[in-house]
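Structure first, then comments.
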Amino acid sequence: MKTLKKKKLSLKIIYLLIIHKSHTTKHKQSFRSLMFTKENLYNNRTMAKQNPKSTKAALKKQPLAKMNIIYLFLLIAYGFVTVLTPNLLALDSNGPKFLTFALLNLVTFLYLFSRKEIKTRPEWYFSFFSNGIGIAYTGMIIISLLSFFKATNVLESVLHFAKIFTTFTGAYLVSVLILADKRNILYLSIAMTLLLIFDSFTVFIEINKYIDGVKGIDIGNIKTIYSNKNILASSIFVKIPFALWLLVFKRKWLKAIAIIGIFMAITATFFMSTRAFYLGTFALSIILIVFFIIRYKQSGDKFQLRLGGIYLIILVFSLLIFSATQRYLYPKVKGGYNTNIEERLATISSADASANQRLSAWKRSWHVFKQEPILGVGLGNWKLTTLKEENQTSQDFIYQYKAHNDFIEIPTETGMFGGMFFIAIFLFTAWVFIIAVYKKAATEWLSLIFLPVFGLLCYSFDAFFNFPQDRPEIQALFALYIGLAVAVFSLFYRETSNLPIEESTEKTSFIKRCKSFWKNAANFNQTEKPIKLFIRVPFIIIFGLMLLATAYMLNENFTSLKLQRIVIEDINRGKLSHPASMFLDGFPAVINLNTMAEPIAVQKARYLINENRNDEAIALLKVDKSSPYDTRPEYFIAMAYYNQNNVDSGMVYSEKMYKLKPNFFKNIAKLCDVLQERNRLKEAEIMIDKYLSNTKNNKDAWLYASSFYFKSNNLKKAVSVIDTAVYFFPTDSLILKQRDIIDNKAIITPYQSLYDLASTAYNEKRYAEAIRYYSELLIKIPGYMDALERRAFCYYFSKEYAKSNKDLDFMISKGMIRSNLYNLRGVNYNSIGNKDEACKNFKIAYDMGDKDGLNNYPKLCLPANK
């Protein structure tokens, strides 16, 4: 009895600490609310075991409100709308998907806040803003607005804010839909698990095509109905918690669906060969198993061990199926994504190109963050400010426009406070879950919090290695999990506030009452009184206007993306086939960067320059300040000036570009050509040598440099450069041909006068004289192939066939494999009556496609033509 009294007393103390006691006269002591207490939970289980029929009967007597189907439809729509939205002819499907997301918010908002019942539900309005997660999320949004003061490109900040506000609004409206009826969580989980099964099944279809060797199918380009492989993999992994929730807390056929969903999702994750979600899968598995073990230790319920066993069996079978398929059925191609899990994870190092890019982006983020730690560099401006440093090493205009880590990018753009608010969302949710498990919370409460906690856990892996903030399919899931978390916490406090707790006679201090009020602000004014107009009307108007502005901005972005697709298609075809007026008039004024962060002004200028409207292109680019470190405006201004033969002005902008972007070789080559024309060779040589000392993998640069020195008569430097190029590209035919030309020039230069005499005699058909000069040249340059070849022809024309063949034999033995040499040798043999040797050489020339060999071999060697 003493033990029972102590348990009751401790229970009361816990609730006094957590809940601000309501002093209303009417307490709704329903059977469902009493289920939240640990004591009643124990009693109900005991009753169920002793008299299951009476327990079921009691449950059936509880009146259940009729479900609002529209609420359920809108809630499920948040999980499906971004997935079902097609590309709609946009360059990036994110554009139309964010737009439909925003339109869904608008429809949901108008429906919810036009209903009469909302007037008596202040907690539907304000729970989100009085909850730890909601406060952190709202704080991040407000700080994001403050970061506009530091933005380089405010329009880009506005566009990015439209995207994150769309997600924020989605989370807010989801919380309202769950608060309206928490039963919707079950149907939402079923719908999302079915979508998870569908997504996984599409992966298996593509993997089967890959195994069958279908042309164009590779693991790296599996995307099914999503934009790319990473989004598909992320969408599968982040939806797994819906199936986990059904597995852990539901029974019978729901558990069967959950098992199928989890098995297919984990297997598909393995097949997608995505390192972030390999790590995420193993981390999720460890946390889940620890959760089952703790629950078993607390309750002694072996069912928890069975759940853990089921999950481990699923994990092991998924791993075995993937490993067997990869080993025995995959095409025998090594590298890339065709590797096992261990080999794939081993690529996580600075030596891997993708990992190195991420590490470089994170380092640049830190450098920028140190400069603006309070408000950041402006929302959406990471890609603009980090470009200043990236340009110092980048060789082209393919930039990283995302940091591949939202936990780094958000504080870089919004400052330390924006980053702290974002991280607080995850920490607060995790902390509440840990406390709930530690305090042995009732199963119903634990079941409600389980889904958003594990959902945000899976999302965090995507956020750490990718950029889900810019992917509407994943942002829709983020909105669902945040909305669920806010609603669940609010529901818990609201329902437990009605629990019967003995009245305390102890006086509560004013400070404690304030803290309690803040903690339970979601429950204020729970009497069925309408929300006062001076609160409700401004809230609806302001929120509605922001939704309209967001939808407008995203629609303008969608319009821009459709034109951007046309531009990219023209560039890929190598021909700008559309008129410039189409883009000058068509691009919205509020969007000044394309989806890959290229200034829209540059895209317009391409078409103006193509139509020789150089002055208009120059004027357009000079006023553009959308991306100060991009350098494409400087490059195209220079090209426009060069088109007008205004070399001085062109050089000014080429030099500006060179300072900002010293490794863009097309600009270096153009600048060096101009400097060479003006005999400023030393300046050009310094630029070329500096580039080649830092860059070894640009074949065109080596060819240009060797040609530059060759034209400048710096043969020693030309030979040195081309020999180095052969070292890096030993089999490249253009480089080998260039080496032959340069070597030939370098060798013959000291004897140029003798070579010119021989060439003149040869061209004038004074073959005996030419033979004498070439022979003298060969004494000075033994084995000089060009002289040997010319002398062999001179011998032929002089009818000295044996001597001609002697020179030809030497050249062929030294590797001079050319069809005309074999044909000439055949002619020589034929002239001295050696038909067999003649035909052998004619056949070789014939097979090599020599024009004379194609005539001589059939005519002189084939029986039908003799």
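Observations on the structure shown:
- Flag if Arg327 is open to solvent by 70 Å² or more (accessible area, probe 1.4 Å), part of a helix (DSSP H, G or I) and either touching a residue at least 40 places away in the same chain (Cβ under 8 Å) or not aromatic (Phe, Trp, Tyr) (or both): yes
- Residue in region 196-212 that is part of a loop (DSSP other than H, G, I, E, B) and either at pLDDT 90 or above or at negative phi (or both) present: yes
- Remark: pairs (first residue in region 452-475, open to solvent by 20 Å² or more (accessible area, probe 1.4 Å); second residue at pLDDT 95 or above and of a type in the set (S, T, N, Q); Cβ separation under 6 Å; 6+ apart in sequence or on different chains) = Phe464/Asn405.
- Filter result for the condition that a residue is touching a residue at least 24 places away in the same chain (Cβ under 8 Å), out of contact with any Lys or Arg (no Cβ under 8 Å at 6 or more places or on another chain), of a type in the set (Val, Ile, Thr) and surrounded by fewer than 22 Cβ atoms within 10 Å (Cβ to Cβ), over Ile143, Ile205, Ile178, Ile197: Ile197
- One residue stands out in region 750-790 among those that are surrounded by 14 or more Cβ atoms within 10 Å (Cβ to Cβ) and hydroxyl-bearing (Ser, Thr, Tyr): the one that is farthest from Ser819 (Cα to Cα), namely Tyr751.
- Screening region 438-457 for residues that are hydrophobic (A, V, I, L, M, F, W, C) and modelled with pLDDT of 90 or more and picking the one that is farthest from Ile294 (Cα to Cα) gives Leu456.
- All conditions but one from (1) modelled with pLDDT under 90; (2) closer than 23 Å to Tyr767 by Cα; (3) surrounded by 19 or more Cβ atoms within 10 Å (Cβ to Cβ); (4) not acidic (Asp, Glu) apply to Gly853; the one that does not is (2).
- Within region 713-752, considering residues that are of a type in the set (Gly, Ala, Ser) and at pLDDT 90 or above, the one farthest from Leu777 (Cα to Cα): Ala725
- Selection of helices (runs of 4 or more DSSP H) fully inside region 332-403 by the criterion of at least 3 residues being touching a residue at least 60 places away in the same chain (Cβ under 8 Å) and closer than 24 Å to Ala276 by Cβ returns 341-346.
- Within region 682-713, tally of residues that are out of contact with any Leu (no Cβ under 7 Å at 6 or more places or on another chain) and open to solvent by 50 Å² or more (accessible area, probe 1.4 Å): 13
- For region 534-547, the criterion of being at pLDDT below 80 and in contact with a His (Cβ under 6 Å, 6 or more places away or on another chain) is met by no residue.
- Test: residue in region 820-838 that is part of a helix (DSSP H, G or I), among the hydrophobic types (A, V, I, L, M, F, W, C), modelled with pLDDT of 90 or more and open to solvent by 40 Å² or more (accessible area, probe 1.4 Å): no
- Meets criteria (modelled with pLDDT under 95, under 26 Å from Glu598 (Cβ atoms) and open to solvent by 70 Å² or more (accessible area, probe 1.4 Å)) for Asn679: no
- Region 795-813, residues that are open to solvent by less than 30 Å² (accessible area, probe 1.4 Å), in contact (Cβ under 8 Å) with a residue 24 or more places away in the chain and more than 10 Å from Arg825 (Cα to Cα): Tyr795, Met811
- Residue match in region 421-443 (condition: surrounded by 17 or more Cβ atoms within 10 Å (Cβ to Cβ) and outside any helix (DSSP H, G or I)): yes
- One residue from Phe237, Phe242, Phe277 being part of a helix (DSSP H, G or I), of a type in the set (A, V, I, L, M, F, W, C) and over 21 Å from the mean Cα position of the chain (by Cα): Phe242
- Any hit, region 218-232, residues being modelled with pLDDT under 95, open to solvent by less than 40 Å² (accessible area, probe 1.4 Å), among the acidic types (Asp, Glu) and in a loop (DSSP other than H, G, I, E, B): no
- Top-ranked residue of region 239-290 - restricted to ones that are open to solvent by 10 Å² or more (accessible area, probe 1.4 Å) and among the basic types (Lys, Arg), ranked as nearest to Ser318 (Cα to Cα): Arg275
The values are calculated or read from the model by the stated rules, or taken from the named source; none is laboratory data. No experiment lies behind these values; they were computed from the predicted model shown. Every residue, glycine among them, receives a Cβ derived from its backbone with ideal geometry; neighbour counts consider all protein chains shown. For accessibility, only protein heavy atoms count, side chains too; no ligands or nucleic acids. Shrake-Rupley method; radii C 1.70, N 1.55, O 1.52, S 1.80 Å.
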